[in-house]
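Each value in this text was obtained by applying a stated rule to the coordinates, not by laboratory testing. Note that the coordinates shown come from a computational prediction; the quantities given were computed from them, not determined experimentally. Cβ sites come from the backbone with ideal geometry, for glycine too, and all protein chains shown count toward neighbours.
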Amino acid sequence: MTKITRVFNVSRSYYLKHKRAVLGVENCAFAWVEFGVSVRDLSLAEAIAARSQQAKPHDPLPFAELPNCIFRWPGHEGEIHRERMHAIEANQFAAMSV
């Protein structure tokens with residue numbers, strides 16, 4: 001049987017489970033004072049800084065489009081216009097029949 005280790009929160013003076021402390025550190029709510037022994041709450045400015053530091057590797061987003069690849073609507077422009085006109089007429093008919 002394993003012993004559940006408890007971690008002390010220095011800011012609020014209470015104990016919490018180690019897994020909860022690890023999740024809090026990953027979510028930028030806590031910072032380790034001494035790893036596995038105690039944590040402290042992060043202030044708002046510290047939490048924002050930790051979040052931005054955590055997001056740094058993801059900042060440059062990959063290109064969403066392929067180079068030299070152009071999207072063209074399927075079919076002709078006239079067909080799209082005709083479908084839109086049918087939709088407008090159907091809406092007018094439904095509004096008149098109510």
What number of residues within the stretch 20-54 are part of a loop (DSSP other than H, G, I, E, B) and closer than 15 Å to residue 6 by Cβ? 3
Out of the residues in the stretch 6-50 meeting the condition of being basic (Lys, Arg) and exposed (fewer than 13 other Cβ atoms within 10 Å of the Cβ), tell me which one is farthest from the chain's Cα centre (by Cα). 12
For the stretch 10-19, which residues satisfy the criterion of being part of a loop (DSSP other than H, G, I, E, B) and either touching a residue at least 40 places away in the same chain (Cβ under 8 Å) or among the aliphatic types (A, V, I, L, M) (or both)? 10
